[in-house]
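The values are calculated or read from the model by the stated rules, or taken from the named source; none is laboratory data. It should be emphasised that the depicted structure is a prediction, and the values quoted were computed from it without experimental measurement. Positions of Cβ are backbone-derived with ideal geometry, glycine not excepted, and every protein chain shown enters the neighbour counts. All accessible areas refer to the heavy atoms of the entire protein, side chains included, with ligands and DNA or RNA removed. Shrake-Rupley method; radii C 1.70, N 1.55, O 1.52, S 1.80 Å.
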Amino acid sequence: MTPPNLTLENSLRLFEKAAQLIPGGSQTSSKRPTQFAPGGYPIFAERGQGGHIVDVDGNEYIDLVQALGPIVLGYQYPAVDDAIRAQLARGFLYGLLSPLEPACAELICQVVPCAEMVRFFKGGGEATAAAARTVRAYTGRELILNSGYRGWPDVWSAENGDAGIPAVLQSSVRAFPKFDLDILSDHFRRDGDHIAAVFLDIQREDPPPGYLAAVKELCHHHGALLVYDEIVTGFRLAVGGAQEYYGVAPDLACFAKALANGMPLACVAGRRDVMTTMAERRISITYGGEALSLAAAVATLTELQTEPVISRLWALGARLKTGLNETAEDMDIPFRCGGLEPMTTMDFTRHDGQDDTLLWHYFLQEMAVRGVLLRRGGLNFVNYSHTETDIDTVVAKTAEVFHELRQVWGTPALQQRVEARRAGTVRA
Ligand SMILES: Cc1ncc(COP(=O)(O)O)c(C=O)c1O
């Protein structure tokens, strides 16, 4: 049975206004309607609770987008929200420091293997930029080898030569392909004396066995530092992040997202001798000691240490992966849910001449009308408040969609279905 179209009138109307007032219509490029299924997918949220969100038209969804990763415990998670409320009653930004700064730093040092000292920031890109300045100052070298997205600051965007970034910065950061030790070794052979650090993250798959240890050895052999971007993996793969999970600690690591269950907090943590370099540089922000986010982080880290959060994320993610992959196989749909269980990937593995974007628009909007929000390709995230029933519902709704997709696969009816849904979203 095909469910009725979603009503998205309020979302669509609000976005018309946002597009006039906000460049790009939103603050986050990955949250723009074009990233999902424009016209057939909600745009504005009204509230979140546990693993669900409600949009501004009153439609409720099981949410696996999870604000792009920060919501690790759940929306309106009581221990976190209570900590925020308690701090709110005392004020949250002063000319004096907040006692939560050392308290939160101490908790991070207890759980993150590389952490001997911590500096707080507001966003992930800000933390990675601070780490870049620090490794350059510490080593007295300029060149950074980087694999992956580190945020919008010039230091990183220089790599792709974006408009607005001085060309002179381009030679100071060099991209290398993920998990390719040979290419990385070549860079060190040619420019070993100029390389300050290697920055990398782990996102969609395990690194090859021995890779992280080999990169660390290569860096140290040449007097360079190893920095992990744990903005997605931190407090999610394990309490101590990817470095705990894979058993190889870097010299520095950057965190954000899950650190404060969605409150705006990021940090750089790492070796004391490297971190103290920050004290002498002008790396300084007004809002680093903002206490609502720090209170949220202390509550989140405490939950992570005392409750079986991480094992549950893995179990729910495994249930999702197994359920979706069995469904795809049963229905003969070339679809694969992969990646690491707390942060899964999704791909159509064959297209038979159909455009991948069209397939995703179809899938995302058919799932949305059935009350499930997903992100194209992933990463899709489970949180501690999702229930087994939520996951089983996602799998059951996927089965419904795949059943229908089988009938339109490879035919013009697929595009017609996408367009018909879009046309229907403005009707009550
Ligand atoms: C791995 C990684 N690093 C850095 C960033 C940038 O973080 P922010 O958007 O908080 O600046 C992101 C954002 O998604 C990310 O996924």
Approximate spin-label separation D392-T277, in nm, with each point projected 7 Å along Cα-to-Cβ: 5.3
Computed helical MRE - 222 nm, the chain, DSSP H runs ≥ 4 contributing -39500 (n - 2.57), nearest 500: -13000 deg cm²/dmol
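Just subtract the alpha-carbon distance of R13 and R336 from 0.36 nm times their residue separation and send over the number in nm, one decimal. Let's see the in-between values first.
On the way: separation 323, 0.36 × 323 = 116.28 nm, distance 3.50 nm.
Extra length available between R13 and R336 comes to 112.8 nm.
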I285-D81 pseudo-label distance in nm [points 7 Å out on the Cα-to-Cβ vector]: 2.6
Helix axis angle, 9-21 relative to the chain longest principal axis, alpha carbon, degrees: 40
Cβ-Cβ FRET estimate between V168 and D193, R0 fixed at 22 Å, reported to 0.05: 0.60
Accessible carbon and sulfur surface of the stretch 269-428 relative to its total accessible area, %, 1.4 Å: 48
Bins of 5 Å from zero: percent of alpha-carbon pairs in the stretch 133-292: 2, 8, 17, 21, 22, 18, 9, 3, 1, 0
Where the chain is the region considered: accessible area per residue in Å², 1.4 Å probe: 43
Nearest-ten-degree value, helix 356-369 long axis tilted from longest Cα axis of the chain: 70
Efficiency of FRET from Cβ geometry, A420 and Q305, R₀ 60 Å, rounded to 0.05: 0.75
Relative contact order [Cα under 8 Å, 6+ residues apart], the stretch 1-125, whole percent: 15
Principal axis dimensions, largest first and in whole angstrom, of the stretch 1-106 by Cα: 54, 35, 23
Span from the the stretch 140-173 Cα centroid across to the the stretch 232-295 one, whole angstrom: 21
Estimated inter-spin distance, T28 and R90, nm [label 7 Å along Cα→Cβ]: 2.9
Cβ-Cβ FRET estimate between A413 and D180, R0 fixed at 51 Å, reported to 0.05: 0.75
Segments 200-207, 67-74 sorted - mean Cβ within 10 Å per residue, highest first: 67-74, 200-207
Surface share of carbon and sulfur [accessible, 1.4 angstrom probe, percent] for the stretch 126-181: 54
The chain, relative contact order [Cα under 8 Å, separation at least 6], %: 24
Added length on full extension, which subtracts the Cα-Cα distance from 0.36 nm per residue, E400 to E329: 24.2 nm
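May I ask you to order 382-392, 121-131, 184-194 by the average number of other C-beta atoms within 10 Å around their residues, highest value first?
Packing proxy ranking, top to bottom: 121-131, 382-392, 184-194.
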14 Å beta-carbon shell around G74, net charge (K/R +1, D/E -1): -3
